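Have a look at the structure below, then the notes.
Just so you know, all these numbers are worked out from the coordinates, no wet-lab data involved. Not measured: the values here are computed from a predicted model. Cβ placement follows ideal geometry from the backbone for every residue including glycine, while neighbour counts extend to all protein chains displayed.
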Amino acid sequence: MSKNNIFAVDVGNSWYKVIASDEGELVEYQLPNAIALFDEEFYEKPYDDEDIDFEENLIVEVKSASVKDRREIYYIGKAAMRQRNVSLTAFNNQKIDEERTYILLHSIIAYHAALSSPSETEINYYIDQLAVSLPTTQYKEKKSVFKDRLKGVHTVIFHKAPGIQDPKEIAVKIHIDDVIIGAEGALAYLSLTRDPDTLNVYNDDLVKDSRKGIIIGDLGGDSVDFVGIKNNKPVASVEGEQFGINQFLDNIIQKVSKNELYKFNSRSELEEKLAAGQSEWYVEPFAGVKKDISKYIIPQLKAMAIKYLEHFDRVRSSSNEINGAVQYIAVGGAAEIAMRQIKEAAVKWSERGRPIELYFPENMAKLNVQGLFILAKMNQLKKEKNNETEFVLSKN
């Protein structure tokens, strides 16, 4: 396989996770799913460019057919999280129909391109294969539309870019040759069974289990994406649910704000704290004053864990194709955060006579983006083989 520019993006409700490969050199990023309108009047210019990090000062303007108002300028990611008018994802958001998806997606590609060419202010960046994810609830009906909107040429302009001479702008023209869409959950299975370098199956035991049936529950921000695997392929009768960690994060944020006088900038800020472990479950509403917030967190994680298992139980009972599954796998950043509470809830579930023995793989939060990267490489390899065949036929 020749080396190509491959870009994989897990389009999450809390984070956009990225694996990029430029001529075989791998880089990983993540960007908070946060956006805010830019206001020149309130922009605080840094005293010294060296004092500000580019990632924390992403101010973008996106020129793309997928964005209707191409005159608006936005803060994105960490920069947006510090703004009063920060916009986070709404419940049951339709990723394909929302402009924020394209603003964030194109911007993180452009950010990568700018880092790859640090001395340039006008950049052309070519992607041979872009792979992006969708929840199972949106995958079937909207993947072709998403694919069409992402193909082609898109321009991102970074304003107020530190380290760049006036007018302090970087213009990145993104050229996307091909797009492949993956379903969340199924991507995790791909990551758990195939080697990202050779693309060969390395987990024979899991593939064998798929002969009898596997159910994967990918717990994310606004959806839990259930995927049934039978004979190494997803089955059609298993559907996802509009249920995720965001509603529980919002409850924690409200309780902490009311009782401890501390306001989280975003769900991403709280989620980072949760992922760091219980030793970090405190806030500082005033300098030198630490407040333990575990009493607000643990009940919410317990409630989410119980609901997660209820969905698992419903899914395994509702599909004839996957009835008798021998392996239940928990994946996703939210499941990783609440692993202890899910395990505790599973014990109680067993006592009720309906055992759900969950397997928690390593790097649960990264399995979808790793699966996307594998999917992109597989699709690119398939394209190259087809091109080779066409070349041989034309030559003959």
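To check you understand DSSP bridge types, tell me what percent of the beta bridges within the chain (both residues inside) are antiparallel, rounded to 5.
Bridges in the chain that DSSP calls antiparallel: roughly 65 percent.
Let me know the shape class of region 253-396, please: from the alpha-carbon gyration tensor, a ≥ b ≥ c as square roots of the eigenvalues, rounded when a/c is under 1.5, otherwise prolate if a/b is greater than b/c, or oblate.
The shape class here is oblate.
According to a simple spin-label model (label point 7 Å from Cα along Cα-to-Cβ), what is the distance in nm between residue 65 and residue 50?
Between residue 50 and residue 65, the simple spin-label model gives 4.6 nm.
Just list whichever of 291/366; 68/258; 17/68; 160/366; 230/366 have alpha carbons separated by over 29 Å in the model shown.
Long pairs (Cα-Cα over 29 Å): 291/366; 68/258; 160/366.
Of 312, 331, 299, which is farthest towards the positive pole of region 193-361's charge dipole, taken about the Cα centre with +1 and -1 on the beta-carbons of Lys, Arg and Asp, Glu respectively?
299
Just grab the label-to-label distance for residue 140 and residue 94, each label 7 Å out from Cα along the Cβ direction, in nm (one decimal).
That separation, rounded to one decimal, is 1.7 nm.
Per residue Cα convex hull volume for region 37-186, in cubic angstrom?
Considering the Cα atoms of region 37-186, their hull volume per residue is 126 Å³.
In percent, what relative contact order does the chain have, based on Cα pairs under 8 Å that are 6 or more apart in sequence?
17
Which of the lysines could be linked to residue 382 by a straight reach, that is with a Cα gap under 17 Å, when you skip same-chain ones fewer than 8 residues away?
Hits, sequence-local ones excluded: 3.
Based only on the alpha carbon positions, what is the Kirkwood hydrodynamic radius of the chain, in angstrom?
For the chain, the Kirkwood estimate is 22.4 Å.
Rounded, prolate or oblate: which one fits region 1-97, using the alpha carbon gyration tensor with axes a ≥ b ≥ c (rounded when a/c is under 1.5, else prolate when a/b beats b/c, else oblate)?
Judged from the Cα gyration tensor, region 1-97 comes out oblate (a/c at least 1.5, b/c at or above a/b).
Which net charge results for the neighbourhood of residue 283, defined as the other residues with beta-carbon distances under 11 angstrom from its beta-carbon, given Lys and Arg at +1 and Asp and Glu at -1?
-1
Is the C-alpha gyration tensor of region 123-271 telling us rounded, prolate or oblate? Criteria: a/c under 1.5 is rounded; beyond that, a/b larger than b/c is prolate, otherwise oblate. List each step's numbers first, then the result.
Values: a/c = 2.25, a/b = 1.20, b/c = 1.87.
Here region 123-271 falls in the oblate category.
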